[in-house]
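S.K.: Quick one: the structure is below, and I'll ask about it shortly.
The values are calculated or read from the model by the stated rules, or taken from the named source; none is laboratory data. The structure presented is a predicted model; accordingly, all values stated were derived computationally and were not measured. Positions of Cβ are backbone-derived with ideal geometry, glycine not excepted, and every protein chain shown enters the neighbour counts.
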Ligand SMILES: [Zn+2]
């Protein structure tokens, strides 16, 4: 099986460019530079929409004082640890 020409860790998904799905998506997001996909963001943690929305909601609620970390954890059905991750994520951006 042919491996990705960028990360060399995953099988090729876009045969024409010899890129796996993750590297191809990074490349598309970067505006398809001639230099190929940009390096993965730190940690390479996947960012799904729900996480982004929760991070934004967490930031807003904490800024407004409308909810505590514990209340947010209950609202999202996640652990306290995860809410702290959302909070830190929102601050990074
Ligand atoms: Zn790849």
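S.K.: Check 15, 49, 26, 54 and return the single one that is over 14 Å from residue 83 (Cβ atoms) and surrounded by 12 or more Cβ atoms within 10 Å (Cβ to Cβ). I'd like the intermediate steps shown before the answer.
M.R.: Details: 15 fails: surrounded by 12 or more Cβ atoms within 10 Å (Cβ to Cβ); 49 fails: surrounded by 12 or more Cβ atoms within 10 Å (Cβ to Cβ); 54 fails: over 14 Å from residue 83 (Cβ atoms).
So the residue among 15, 49, 26, 54 that is over 14 Å from residue 83 (Cβ atoms) and surrounded by 12 or more Cβ atoms within 10 Å (Cβ to Cβ) is 26.
S.K.: Still on this structure, please answer the following. Can you list the helices (runs of 4 or more DSSP H) found entirely within the range 1-90 that contain at least 1 residues being within 11 Å of the ligand (Cβ to nearest atom) and within 17 Å of the chain's Cα centre (by Cα)? Write out each step before concluding.
M.R.: Numbers: elements: 21-29, 49-64, 69-76.
By residue number, 21-29.
S.K.: Which residues, taken from the range 21-48, are within 25 Å of residue 89 (Cβ to Cβ) and at pLDDT 90 or above? It would help to see each step written out before you state the result.
M.R.: Within the range 21-48, the first condition is being within 25 Å of residue 89 (Cβ to Cβ), and the residues that meet it are 21-31, 37-48.
Hits for the range 21-48 are 21, 22, 23, 24, 25, 26, 27, 28, 29, 30, 31, 37.
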